[in-house]
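Input: a single structure, listed below in structure tokens.
The values are calculated or read from the model by the stated rules, or taken from the named source; none is laboratory data. If you're wondering where the values come from, they're calculated on a predicted model, not measured in any experiment. Every residue, glycine among them, receives a Cβ derived from its backbone with ideal geometry; neighbour counts consider all protein chains shown.
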Amino acid sequence: MGIFMQQFFHQKTTQFFLTVLATYLFMKYLSPFITPFLAAFLIVWAMNPYIERVHQNTRFKKSFVAGLLLMIWVILFIWVLWIFSFIVMNGGGDLWSRIPDYFSNWETALSCCCDNLERLFGFNGQKLQGFVIQQITVFADNFQTNIMPVIMGKSVTYMKGMISCFAFFAVVFIAVMLLVKDYGEIAQKLEAPEFRGIREVFRKVVAYLKTFLRAQLIILLIISVLCAVTLSLIGMSGAVFYGFLTGFMDMLPFIGTGIMLLPLGVIYFFTGEYWKAIVCIVLYGLCALIREMLEPRLIGDKVGIWPIGILFSVFAGVHLFGVAGVIKGPLSLVIICEILKFLWYTEDHEKDG
């Protein structure tokens with residue numbers, strides 16, 4: 001029985017399915033509990049060289065140095081967030097003030113559209129216009145009476161989410177303070193030969209996270225510049241602000257450039273600027289194409305995984321883990337590949353030996 005079980009677990013097919021199953025269970029059920037501690041370990045790993053240098057020069061406690069560095073990072077993050085919010089509020093307020101101008105002649109544009117439909121297809125233009133206006137009014141009333149109360153009713157859920165987010169960062173901060181004291185001993189123990197597989201997986205995961213962030217920044221810059229230049233060429237006021245905000249929205253999962261460019265195209269359509277509306281629609285499709293083409297290549301080429309594999313992992317991750325699958329899917333693929341590489345390399349090496 002022992003020989004049979006040994007042969008069973010050494011079969012590569014069995015190892016593959018067990019690794020996939022274990023990775024799925026880990027990402028699905030365990031990762032929410034240990035993510036703060038993994039994040040804390042990554043932070044300590046990244047800060048440790050600076051902590052050691054400051055500790056040796058000043059003799060301050062490592063926990064104090066780590067807390068000071070974290071506070072500096074938090075202050076810088078809040079400062080950048082404040083600047084971004086200031087820019088958004090100024091640009092957004094300017095854009096909001098122009099909305100009445102955008103819609104000042106929408107009824108005229110609608111009337112022209114209905115007249116064209118009457119001339120081409122024989123529809124009653126006046127009745128069609130009245131029907132459209134009536135449906136818009138009904139939608140606005142339903143939004144105010146049905147949808148808005150539901151959104152406001154979710155305020156408790158949003159508050160719970162904010163508390164959970166605050167608790168997450170608090171746990172990370174405390175875990176960093178505790179890990180700093182024992183990091184040297186933990187790192188020394190992890191250098192043992194029996195932890196070689198864990199070290200390889202950890203290095204690959206860190207490499208993926210770096211590559212992922214770098215890819216997102218590159219795509220953000222490309223899409224932001226493309227949108228800003230294109231919207232400037234069609235004569236849109238505040239095009240630079242709107243373009244970079246569009247690029248930022250594209251970086252957010254399941255939001256994308258459509259939330260910015262499609263409404264803008266609708267506004268241009270109803271104000272009679274049809275060619276600008278077409279430009280916005282084409283620009284939206286081009287931005288989506290750029291992300292779909294660049295993201296797998298920028299990530300896959302650096303991590304050592306085929307771009308089609310990264311694309312598949314994102315697709316599967318979204319179906320298995322929800323929105324978090326955008327990150328969990330590729331991470332799961334990296335972990336599976338590295339575990340299998342370690343297992344199969346060790347097994348083949350033992351056979352050759």
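Scan region 315-336 and tell me whether some residue there is at pLDDT below 85, out of contact with any helix residue (DSSP H, G or I) (no Cβ under 9 Å at 6 or more places or on another chain) and within 19 Å of Lys204 (Cβ to Cβ). Taking every residue of region 315-336 in turn, none turns out to be at pLDDT below 85, out of contact with any helix residue (DSSP H, G or I) (no Cβ under 9 Å at 6 or more places or on another chain) and within 19 Å of Lys204 (Cβ to Cβ).
Scanning region 3-31 for residues that are in a helix (DSSP H, G or I) and either at pLDDT below 85 or in contact with a Cys (Cβ under 7 Å, 6 or more places away or on another chain) (or both) yields Ile3, Phe4, Met5, Gln6, Gln7, Phe8, Phe9, His10, Lys12, Thr13, Thr14, Gln15. Here is a list of conditions, (1) modelled with pLDDT under 80; (2) in contact with a Leu (Cβ under 8 Å, 6 or more places away or on another chain); (3) closer than 18 Å to Phe169 by Cα, and Leu81 meets all of them except one; can you say which number that is? Here Leu81 meets the rest and fails (2).
Given the residues Phe195, Phe202, which is the only one that is buried (at least 17 other Cβ atoms within 10 Å of the Cβ), of a type in the set (Phe, Trp, Tyr) and within 23 Å of Ile336 (Cβ to Cβ)?
Only one candidate passes the filter, namely Phe202.
Applying the criterion of at least 1 residues that are modelled with pLDDT of 75 or more and not aliphatic (A, V, I, L, M) to the helices (runs of 4 or more DSSP H) found wholly in region 85-182 leaves 125-142.
Residues in region 163-207 that are touching a Pro at 6+ places or on another chain (Cβ under 8 Å) and within 30 Å of Arg59 (Cα to Cα): Val171, Val172, Ala175. Pairs meeting the criteria (first residue in region 2-22 and more than 13 Å from Leu340 (Cα to Cα) and aliphatic (A, V, I, L, M), second residue at pLDDT 80 or above and surrounded by 10 or more Cβ atoms within 10 Å (Cβ to Cβ), beta carbons under 9 Å, at least 6 apart or on different chains) are lacking. For region 261-285, taking the residues that are touching a Cys at 6+ places or on another chain (Cβ under 8 Å) and not in a loop (DSSP other than H, G, I, E, B), the one that is modelled with the highest pLDDT is identified as Leu283. Picking from residues in region 188-210 that are in contact (Cβ under 8 Å) with a residue 12 or more places away in the chain and of a type in the set (Gly, Ala, Ser), the one that is farthest from Ile299 (Cα to Cα) is Gly197.
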